[in-house]
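> Here it is, the structure, as C-alpha cells.
The values are calculated or read from the model by the stated rules, or taken from the named source; none is laboratory data. Since we're looking at a predicted model, the values are computed, not measured. Neighbour counts are summed over all protein chains in view; Cβ atoms, including those assigned to glycine, are modelled from backbone coordinates with ideal geometry.
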Amino acid sequence: MPRRTKILATLGPATDAPGVLEEVLEAGANVVRINFSHGTPEEHLNRVKAVRNWAKSNDTYIGVLMDLQGPKIRISSFKEGKINLAIGDKFCLDSELDNEAGDNKSVGIAYKSLPKEVKSGDVLLLDDGRVVLQVEDTSDTCINTTVIQGGPLSNKKGINLKGGGLAAGALTDKDKEDIKIAAEGKADFVALSFPRNGDDVRETKELLKQAGSEAGVVAKIERAESLDEETILDIIKESAGIMVARGDLGVEIGDPQLPAQQKRLIQLARSNDRFVITATQMMESMIDNPIPTRAEIFDVANAVLDGTDAVMLSAETAAGKYPKNAVRTMHDVCLETEKNPIAKTSHHRLHEQFKFIDETIAMSTMYAANHLGVKVVAALTESGKTALWMSRMSSNISIYAMSDKVETLRKTTIYRGVYPCGIDKTEVKDASDWEKINRIVIDTLLQNKVVNNKDLVVLTKGSYQEGAGGTNMMKILRVGDQSY
C-alpha cells in the first residue's frame, strides 16, 4: 500500500545544494513549502521552477505551498548581536530605539504599536518562550518589564503576548506583494500567517483572485483568540485547509494545551471537509542528527492516528544537515503507523444528512468500497472536491483523483489517501460515451500498475457535458470484463 499521509517539506539553502532537492522529492515529499520569511522573490521562483521541472520529468505531481510571513512582531537587533538576561533584570522594549542599538537594558521593536496594546501585568514571551518578561508599566513608546525567565536573546526574535490578543493584522504590505509572487509562481496553496478570523482569509482569497491566482488558502492557526469556537469554524470554512502551527500557538496558549488543541483542530477540519497540516518541530533534532528522537517518532505517529492529512518538515529540510533522511524517516513512520486499525476506521458523517448530490456520491462510494473488497476508487474530477470528500472517511483503500487538469491534480497532492493521476480524454469524441471513458480509466490504472485483472474498481463521475459539473454517478467495474 502506498503511504496515505502526505509529507510537506520546506525548501531552503540546504535543498539548493546540487542534487539535494531531487533526493528530498525522491524520498517521498508530496508538497513543498516556500517560506516568504526568508530569501528573495527570485530565489522563491527558481525553487518552484526546479520542483515543476523535476515533477514533469518524473511524470508525477508535486504541490507547491507558499507561506506568507505575516506581521513582524519581533524585537530589533543588538549592538553585539546577542545579550544574556537574568531573572529580575529590568528590560525595556522601545519602539523609538534605533534598530541596531539594543543592549542589556533595552531593544527596539518592529511592531511599533505594541506599547499601546499591552498593560501592566501582561506577560510577553520572546524567542518561542525561552525568555519571559512581565510588563511593569508602559508609555506611548516604551514597555518597561522585569525578566521572570532569563537566558540568551539574539537579534529579531519573535514576541508573543501570553493569552493572545494583539491587534496586528494578518496581512502586511509585504504579504500583499508576496501574494503577487505566489500568483506568478502558480502556487497551489498560499499559507496565511496569524489569521484573526474568517475576514482575514476572505481578504487573502480576494487578493489572490485579483492577482489571477486560484491557489487555496491555508490558514495557519497561531493565535490564542482564533481558537474560540465561532471564530475557528469561520476560519476553517473560509479556508481550503488549515495548519496546526504549534510554535506560536504553543507560546500563546501554553504548551500543555497543545496536544488537546491539535486533536480538536484536526477533527474540526476533517468534519468540515477541509484538509489539515500538522507542523513545527516534528523532527527538530534531525536538523543536526541523522536519526530522530523516539519522542519525535511518537509525535509524527500520533498526528497520523489523529487523522492529519499532512505532516510538515521545516528547518529539517530547509537548513538541516540530513534533508533526505528527514523525509525518508517521516515516510517510514507514517507508513508503519497507518497499519494500525485506528488509522483505517471511520464513522465520518454516518449519522448525518448530506446537502449535495456529489457529496452523497462520495460518501456512498467509500462506504461501498470499504464493504465490498474494492482495490481502488477512481474519481473523475474537475475540481478535486469529490476526492477531498472521499478522503475525509478513513480507509485503507487508495483514492485516485483522475483529471486532465494539472492544477487540480497538484491540489490533490495534500489530501490524505488521495493520489493524483493524469488522464487523457482526447480520444473521447462524445462526452456521453461512458463505455469509452470507463475503459480509459481502467487502462490508465493498469498502466500505472495499481490494479490487476479481476480487481474491483469503484468509479465516480458526473453526467454534465458542459464544463465542470457535479459528481452524480457511481459504477463498480471489474478489471478485465468485456464490457464496461
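> Would you confirm whether any residue within region 59-73 is among the hydrophobic types (A, V, I, L, M, F, W, C) and in contact with a Cys (Cβ under 6 Å, 6 or more places away or on another chain)?
No; the residues of region 59-73 include none that is among the hydrophobic types (A, V, I, L, M, F, W, C) and in contact with a Cys (Cβ under 6 Å, 6 or more places away or on another chain).
> Looking at LEU207, LEU192, which is the one that is surrounded by fewer than 22 Cβ atoms within 10 Å (Cβ to Cβ) and either within 20 Å of VAL406 (Cβ to Cβ) or among the aliphatic types (A, V, I, L, M) (or both)?
Criteria check complete, one pass: LEU207.
> Quick test of your reading of the structure: THR231 fulfils all but one of (1) farther than 25 Å from GLY158 by Cβ; (2) touching a helix residue (DSSP H, G or I) at 6+ places or on another chain (Cβ under 9 Å). Name the failing condition by number.
(1)
> Also: Can you tell me how many residues in region 137-154 are surrounded by fewer than 17 Cβ atoms within 10 Å (Cβ to Cβ), closer than 19 Å to LYS72 by Cα and touching a strand residue (DSSP E or B) at 6+ places or on another chain (Cβ under 6 Å)?
So the answer is 1.
> I need the strands (runs of 3 or more DSSP E) fully contained in region 18-127, keeping only those with at least 2 residues that are more than 30 Å from MET312 (Cβ to Cβ) and touching a residue at least 60 places away in the same chain (Cβ under 8 Å).
So the answer is 82-85.
> Taking region 56-83 as the region of interest, how many residues are out of contact with any Asp or Glu (no Cβ under 7 Å at 6 or more places or on another chain) and under 17 Å from LYS405 (Cα atoms)?
5
> In region 410-484, which strands (runs of 3 or more DSSP E) lie fully inside it and hold 2 or more residues that are modelled with pLDDT under 95, in the same structural domain as TYR367 (by TED's automatic domain parsing) and surrounded by 12 or more Cβ atoms within 10 Å (Cβ to Cβ)?
Qualifying strands (runs of 3 or more DSSP E): 456-461, 473-478.
> A further question follows. Of everything in region 1-17, what is within 17 Å of the chain's Cα centre (by Cα) and either outside any loop (DSSP other than H, G, I, E, B) or within 10 Å of LYS324 (Cβ to Cβ) (or both)? Give them in sequence order.
LYS6, ILE7, LEU8, ALA9, THR10
> Mind checking which residues of region 293-339 are touching an Asp or Glu at 6+ places or on another chain (Cβ under 7 Å), more than 19 Å from VAL418 (Cα to Cα) and of a type in the set (A, V, I, L, M, F, W, C)?
The answer is ALA326, and nothing else.
> Kindly provide the set of residues from region 171-198 that are closer than 22 Å to ALA224 by Cα and out of contact with any strand residue (DSSP E or B) (no Cβ under 6 Å at 6 or more places or on another chain), ordered by number.
LEU171, THR172, ASP175, PHE194, ARG196, ASN197, GLY198
> Is it true that ALA191 is small (Gly, Ala, Ser), part of a strand (DSSP E or B) and under 20 Å from the mean Cα position of the chain (by Cα)?
yes
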